[in-house]
Amino acid sequence: MARRRDGIRKAPEASPAVAELASRFRSGEIVLLDVLHSIQDRRGYLARRDLEAFSHLSRVPLANLHGAASFYPNFRMSGPAPRVCVRVCTSLP
């Protein structure tokens with residue numbers, strides 16, 4: 001969160017899409033993983049400002065969002081995804 005000159009933290013600015021996701025999440029209409037997928041689909045990765053705005057609006061701690069996003073390998077925390085992504089399954093016999 002950004003700080004003002006007087007040291008007080010100001011609320012992050014939320015895009016309309018993030019605000020809508022937060023209201024749907026708070027009403028129980030969607031779950032956290034769906035929110036993270038929706039945010040990532042918009043930008044190609046999970047931007048910190050979107051996570052901060054969602055955290056503020058939905059009252060979910062930012063640490064919980066970061067924990068869920070970093071646990072699953074399909075979420076990108078920095079930079080948009082490359083055009084082509086090749087994944088190799090190594091668990092086959």
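Tabulated values for the structure
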{"item": "Candidate set from the stretch 7-63 (those that are small (Gly, Ala, Ser) and in a loop (DSSP other than H, G, I, E, B)); member that is nearest to the chain's Cα centre (by Cα)", "result": "47"}
{"item": "Test set (1) modelled with pLDDT of 85 or more; (2) out of contact with any helix residue (DSSP H, G or I) (no Cβ under 8 Å at 6 or more places or on another chain); (3) open to solvent by 90 Å² or more (accessible area, probe 1.4 Å) - residue 40 fails condition number", "result": "(3)"}
{"item": "Pick from the stretch 64-86, criterion in a loop (DSSP other than H, G, I, E, B) and among the hydrophobic types (A, V, I, L, M, F, W, C), ranking: least open to solvent (accessible area, probe 1.4 Å)", "result": "75"}
{"item": "Residue 89 part of a loop (DSSP other than H, G, I, E, B) and at pLDDT below 85", "result": "no"}
{"item": "Unmet criterion (only one of (1) within 19 Å of residue 13 (Cα to Cα); (2) surrounded by 15 or more Cβ atoms within 10 Å (Cβ to Cβ)) for residue 61", "result": "(2)"}
{"item": "Members of the stretch 11-51 that are over 19 Å from residue 71 (Cβ atoms) and among the acidic types (Asp, Glu)", "result": "13, 20, 29"}
{"item": "Filter result for residue 53 (at pLDDT below 90 and either closer than 15 Å to residue 12 by Cβ or open to solvent by less than 90 Å² (accessible area, probe 1.4 Å) (or both))", "result": "no"}
{"item": "Qualifying residue in the stretch 24-37 (condition: open to solvent by 70 Å² or more (accessible area, probe 1.4 Å) and of a type in the set (Asp, Glu))", "result": "yes"}
{"item": "Tabulated pairs, the stretch 40-68, first more than 14 Å from residue 24 (Cα to Cα), second of a type in the set (Phe, Trp, Tyr) and part of a helix (DSSP H, G or I), C-beta under 7 angstrom, 6+ apart or interchain", "result": "65/54"}
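The values are calculated or read from the model by the stated rules, or taken from the named source; none is laboratory data. In this text the structure is predicted, and so the values were computed from the model without any measurement. When we count neighbours, we look across all protein chains shown, and the Cβ atoms used for this are built from the backbone with ideal geometry, even at glycine. Protein only, heavy atoms only, side chains kept; ligands, DNA and RNA dropped before computing areas. Shrake-Rupley method; radii C 1.70, N 1.55, O 1.52, S 1.80 Å.
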